[in-house]
C-alpha cells in the first residue's frame, strides 16, 4: 500500500508550537547564540550554577542537513561529560564515521516529512552517542533518551538502528528506524518544554503524589503491570500519537526493505491498543491538567484518534494481503526516555 497520503491539514496538530529553536532556547533564559553545547548551558542554568561547567568535558562539531545546522557532542579527556549526563551504566562516546553517516541519512528521511522535521529542527540541536560502560551478557544499552535537565540534546546508542517502541526489534540496521527514534526523542523534548514553560499541569501537581496508571504492556519482574504517573502518561501519549502518524506515513507512502517494514508493522500493531489506553487514562485524570493542558489533551485525542483509525485500517489491509505480512513476535527493546 503506497502513495496514499493523508491530507496535510491533519498533520497541523503535530507541528511544534515554538516558532524556532532560538525561541525554545530563549524560553529557558539563555540569550547567547545557539550552538552545539547550548543544551549543557541550559542544564547549568536549570541547576542555578553561577557559571557554565557541564560543557567543560565536551566539544561540539557542526553538520548540516536540509539547510539546518546540528551538532555532534563528543567527550574531551576524562569522564566529566559522562558524569554530568549521569545516564546510569552508560558513557558518552565519539561516534565513528558510519554512525555519523547514519544520523545524517536519518535526518534526511525526516526532512521528507515536513511536519516531523519541523519538530526535530525545533527541539534538537545536538546528538550524543552512548554505550554501556561494562557490557555484560543479556544487558542492552538504552536505545535513545531525552533528559529533561539537558534540553535539545538526544542521547542514543547503536540500538536505535534496530529497536523501536514499544517492543519491536529488527534483524537489520535501518536508517528509517533511527529516524523514528530521533523523531520520538524530539517529541519528548517538545513535551518537556511544554511542561516546563507552558504550565500544562496544575501548579499543585506533584509527580510524587500523582495518581498512578496501570501500563499493561510494561511489566514488572513479577508479571504485574508497571504504574506510571500522569505526567509520564502524557509524555507517552504524545509520543505514541506522533509515532502513529509517522508509522502510517511509512506504511502507506515509503518504500521500506522487508525487515524494516516488518518491524514498523509490528510496532504499529502493538501501539494501537497502547495509545488507546493512554488517551483513556488522560481523560480519566484530566483534573490534574490546567485549562491550557486540558486543551492540549483534547487536541491530542482528536488527532490521535484519526491517525489510529487510519493505521488500523492500513494494518488490516496489509495483514489480509498474505501470511508473510503477519507481524512477528516482538522482543523487548530496552528503550529509555529520560531519567
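The values are calculated or read from the model by the stated rules, or taken from the named source; none is laboratory data. Predicted model, so just to flag it, every value in this text is computed and none were measured. Cβ sites come from the backbone with ideal geometry, for glycine too, and all protein chains shown count toward neighbours.
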Self-check item: Among the residues listed as 205, 240, the single one being under 21 Å from residue 144 (Cβ atoms) and either buried (at least 24 other Cβ atoms within 10 Å of the Cβ) or out of contact with any strand residue (DSSP E or B) (no Cβ under 7 Å at 6 or more places or on another chain) (or both)
Solution: 240
Quiz item: Is one or more of the residues making up region 293-315 over 20 Å from residue 183 (Cβ atoms), in contact with a strand residue (DSSP E or B) (Cβ under 9 Å, 6 or more places away or on another chain), touching a residue at least 12 places away in the same chain (Cβ under 8 Å) and surrounded by 18 or more Cβ atoms within 10 Å (Cβ to Cβ)?
Solution: yes
Quiz item: Could you say which residue among 265, 284, 247, 252 is touching a helix residue (DSSP H, G or I) at 6+ places or on another chain (Cβ under 7 Å) and surrounded by fewer than 19 Cβ atoms within 10 Å (Cβ to Cβ)?
Solution: 252
Practice problem: Scan region 16-53 for residues that are closer than 30 Å to residue 248 by Cβ and at pLDDT below 85 and jot them down. | Solution: 17, 18, 19
Quiz item: How many residues are at pLDDT below 95 and out of contact with any strand residue (DSSP E or B) (no Cβ under 8 Å at 6 or more places or on another chain) if we restrict to region 117-139?
Solution: 5
Quiz prompt | Tabulated pairs, region 202-225, first at pLDDT 90 or above, second surrounded by 11 or more Cβ atoms within 10 Å (Cβ to Cβ) and in a loop (DSSP other than H, G, I, E, B), C-beta under 7 angstrom, 6+ apart or interchain | solution = 202/290; 211/285
Quiz item: Within region 92-116, how many residues are touching a helix residue (DSSP H, G or I) at 6+ places or on another chain (Cβ under 8 Å), modelled with pLDDT of 95 or more and farther than 15 Å from residue 178 by Cα?
Solution: 1
Exercise. Return a yes/no flag: does region 66-76 have any residue that is touching a strand residue (DSSP E or B) at 6+ places or on another chain (Cβ under 8 Å), at pLDDT below 95 and loosely packed, with under 14 Cβ neighbours inside 10 Å.
Key: yes
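If you check residue 87 against the conditions, is it under 30 Å from residue 47 (Cα atoms) and part of a helix (DSSP H, G or I)?
no
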Quiz item: Within the bounds of region 26-47, is there any residue that is in contact with a helix residue (DSSP H, G or I) (Cβ under 8 Å, 6 or more places away or on another chain), under 30 Å from residue 307 (Cβ atoms), in contact (Cβ under 8 Å) with a residue 12 or more places away in the chain and not in a loop (DSSP other than H, G, I, E, B)?
Solution: yes
Quiz item: Is at least one residue of region 9-16 surrounded by fewer than 16 Cβ atoms within 10 Å (Cβ to Cβ), more than 22 Å from the chain's Cα centre (by Cα) and outside any loop (DSSP other than H, G, I, E, B)?
Solution: yes
